[in-house]
Structure formats: structure tokens, C-alpha cells
1. Over every pair of different alpha-carbon atoms in region 110-157, take the mean of 1/r and invert it; report that Kirkwood radius in Å.
2. Once phi is turned into ³J(HN,Hα) by the Karplus curve 6.51 cos²θ - 1.76 cosθ + 1.60 with θ = phi - 60°, what whole-Hz value does each residue of region 224-236 show in order, with x for glycine and proline?
3. Summing +1 for each Lys or Arg and -1 for each Asp or Glu, what net charge is found among the other residues whose Cβ lies under 12 Å from the Cβ of S119?
4. Rounded to a whole number, what % of the accessible area of region 184-261 do carbon and sulfur atoms account for, probe 1.4 Å?
5. P(r) for region 68-207: what percent of alpha-carbon pairs falls in each 5 Å bin, starting at zero?
6. Where Rh is the Kirkwood radius over the Cα pairs of region 194-250, the temperature 20 °C and the viscosity 1.002 mPa s, what D in µm²/s does Stokes-Einstein return?
7. So for region 178-275, what are the equivalent ellipsoid semi-axes in whole Å, largest first, each being the square root of 5 times an eigenvalue of the Cα gyration tensor?
8. Three principal axis extents, largest first, for the C-alpha atoms of region 229-271, in Å?
Amino acid sequence: MSRTGSKDHGDELLIRLGTLTAQARAAAEVQRSRVELAVALQRGMLPRGLPAGDGVRLAVRYVPANQGLNVGGDWYDAFSMPDGRIGLSIGDVQGHNIEAAAFMGQVRVGLRALASVDSHPGELLARTNELLLTLGADLFATCTFMRLDPETRVLESARAGHLPCVWATADGRSGVTEDEGGPPLGVLSGAVYPVTRYRLDSGGVFVMVTDGVVEGPSMRLDEGLEQVSRLAGIAAVARMDADALAAAVIKGAAEVGHDDDAAVLVIGHEPSGQP
């Protein structure tokens with residue numbers, strides 16, 4: 001082979017490599033833009049502030065799964081309802097892409113809108129489920145919705161395929177709720193969501209989480225819930241505020257071993273006279 005032929009072959013190879021590199025860079029930039037858009041969508045859908053009641057304190061922490069090219073669809077929400085009660089929801093959409101983030105927005109907005117018509121937790125989840133089915137999406141969401149009366153501190157809870165909550169009292173007792181749940185939202189028409197009533201004890205807490213906080217390659221679900229239960233019990237005895245407990249729980253999410261979304265919503269009660 002002549003030197004000219006060898007040079008031509010090398011130049012052609014360099015051109016091809018340059019083209020492939022440019023294409024890879026362009027694809028990475030498109031994916032990066034999709035991730036940035038999804039993260040912005042996630043953050044835009046989360047509430048700007050949290051309602052408060054007499055002695056009731058709410059705190060949240062949220063870490064999106066934007067490491068690498070994954071973006072999830074976890075959310076939390078808390079809002080005041082016309083009758084003075086507080087609506088609380090937390091959930092997780094199937095998938096890790098911009099479609100999951102967009103579907104999360106639909107679920108959250110649907111819950112808020114329907115809560116103004118019927119705030120009963122079981123009926124609210126049932127109505128939201130039927131609404132999502134009419135959209136014809138191939139995604140589904142797990143969710144817990146709670147209705148809190150700040151005066152009586154009664155919590156009414158309904159679950160749609162989501163994780164149970166953690167509770168703790170000021171005397172050091174803690175555990176995981178054992179209420180009956182229904183199927184995830186957007187899966188089965190005519191689904192029923194039983195409601196369980198709890199009471200937020202004086203100085204007590206309830207902790208709502210998504211699975212990115214308590215489950216992963218390095219931690220089983222029961223271990224993760226037990227860890228949150230221990231933290232909640234310590235916090236209640238030490239009279240830690242809700243914000244400090246939320247920070248401790250989200251910090252523990254680093255031990256689960258993956259980069260999934262992680263969301264925490266803490267409902268706490270501060271006895272009168274406590275700062």
C-alpha cells in the first residue's frame with residue numbers, strides 16, 4: 001500500500017471518529033437538557049410553603065434522582081382545605097424520566113383539585129384513580145393521602161400501594177402503621193381505598209417517606225423503616241423539632257445504595273409552652 005493510500009485511510013478514520021464524537025456529544029446534550037427540564041418540572045410542582053396549625057408543625061426534605069441521567073417522579077404536598085383541615089400527600093411515580101416527572105405533576109394537581117370537592121381520603125384516592133385512568137397513560141403512581149384536623153389532631157389516612165408511615169410518641173414508643181391499603185393509582189378501575197384513623201399525640205410525630213429513603217441494594221425495606229422508626233422515637237423523646245427530624249431521615253437515605261428520588265414529610269406536634 002502506498003503512503004498516500006495509508007494517509008487517506010487514516011484521514012477517513014479520523015473523520016468518522018470525529019463524526020461519532022460529535023453525535024455522542026449532541027445526544028448527551030439532548031439528554032442533559034431533558035434531565036434539567038424534568039428536574040425543573042419536579043421542583044416547580046412542589047409546594048412553596050407549608051400550612052401550620054395550633055401546635056402542628058410540618059417539615060419536608062426532597063432530593064431528586066438527578067445523578068447521571070435518571071430523574072424520578074417522587075413528590076410531597078401539604079395544603080390547607082376550606083374546612084380548616086390540612087391535606088398531606090406523598091407518592092412515587094413508576095419510571096425515571098421526564099414522562100414520570102410530568103405524570104407526577106398530573107397526579108399532584110389532580111389530588112389538589114379533587115380535594116376541594118371531596119376531601120375524604122378514601123374517596124379522594126378513588127376519584128384520582130379514575131381520573132388518571134381516563135388519561136390513558138402507561139404509568140402508575142403509589143400514594144398516601146392524609147387529612148389532618150389541627151384542633152383534634154386526628155389523622156385520617158388512605159394508601160394506594162404506597163409504603164406505610166412511621167409514628168412515634170413522646171414516651172419513646174415508635175413503630176410502623178399497619179393500615180390496609182388499595183392498589184396503586186392508574187391501574188384498576190373501581191378500586192377501593194380503606195381509611196384508617198390515627199391521633200397525633202402530644203409531642204408525637206408521623207413520618208411519611210418514599211421508597212428512595214428506606215429501600216435499595218444496601219438496605220431491605222423492613223430495615224429502612226426500622227431505621228426511620230428509631231430516629232422518630234429518639235426525636236420525640238428529645239423533643240426535636242420536625243425540621244431536624246426530616247433532615248436526619250433524609251441523611252439516612254444515603255445508606256440505601258442507589259440514586260432514586262427521596263422524599264420525606266414529617267408531621268409533628270409541639271406541646272403548649274414548647275418553643
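The values are calculated or read from the model by the stated rules, or taken from the named source; none is laboratory data. Since the model is a prediction, treat every value here as computed from it, not as a measurement. Cβ placement follows ideal geometry from the backbone for every residue including glycine, while neighbour counts extend to all protein chains displayed. Areas reflect the complete protein model, heavy atoms only, side chains present, ligands, DNA and RNA absent. Shrake-Rupley method; radii C 1.70, N 1.55, O 1.52, S 1.80 Å.
1. Details: mean 1/r = 0.0854 Å⁻¹.
11.7 Å is the Kirkwood radius here.
2. x, 5, 5, 5, 5, 4, 5, 4, 5, x, 4, 4, 5
3. Details: positive: R85, R112, R127, R147; negative: D83, D118, E123, D149, E156.
Summing Lys/Arg as +1 and Asp/Glu as -1 gives -1.
4. Details: 1890 of 3580 Å².
The nonpolar share, carbon plus sulfur, comes to 53 percent.
5. 2, 11, 20, 22, 19, 13, 8, 4, 1, 0
6. On the way: Rh = 12.3 Å.
Here the translational diffusion coefficient equals 174 µm²/s.
7. Details: eigenvalues 130, 86, 22 Å².
Three semi-axes, in Å: 26, 21, 11.
8. Here the spans come out as 37, 16, 13 Å, largest first.
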